[in-house]
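Notes follow the structure.
The values are calculated or read from the model by the stated rules, or taken from the named source; none is laboratory data. Quick caveat: nothing in here was measured; it's all calculated off a predicted structure. Remember, those area values only see protein heavy atoms, side chains included, never the ligands or the DNA or RNA. Shrake-Rupley method; radii C 1.70, N 1.55, O 1.52, S 1.80 Å.
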Amino acid sequence: MKRIFLIALISFLLIDYSYCQSLAYDNVGSFGSHGIGWALVQKDQKVGFINTKGEEIVPIKYDNIGNFGSHGIG
């Protein structure tokens with residue numbers, strides 16, 4: 001019984017954390033879709049990138065961000 005309760009509690013905390021993370025942004029893209037392992041995020045019509053830990057890698061202050069390497073620079 002304790003094991004089931006512990007599994008349910010951990011599951012609830014993980015789901016709740018994911019939900020809270022999604023509220024921080026208006027939109028979260030897929031990880032890796034821009035040629036790197038980060039996700040494009042949008043907040044108040046500005047974009048930036050987060051890593052898989054949810055840390056902001058590129059500040060959310062740009063109007064537009066293209067794919068990395070799309071202009072011949074990696």
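Residue 26 sits with roughly 100 Å² accessible to a 1.4 Å probe, with DNA, RNA and ligands left out of the calculation. Backbone phi angles across the range 41-58, fed through the Karplus curve with coefficients 6.51, -1.76 and 1.60 (θ = phi - 60°), yield HN-Hα couplings of 10, 10, 8, 6, 6, 10, 10, x, 10, 10, 8, 5, 8, x, 7, 6, 9, 10 Hz in residue order; Gly and Pro are listed as x.
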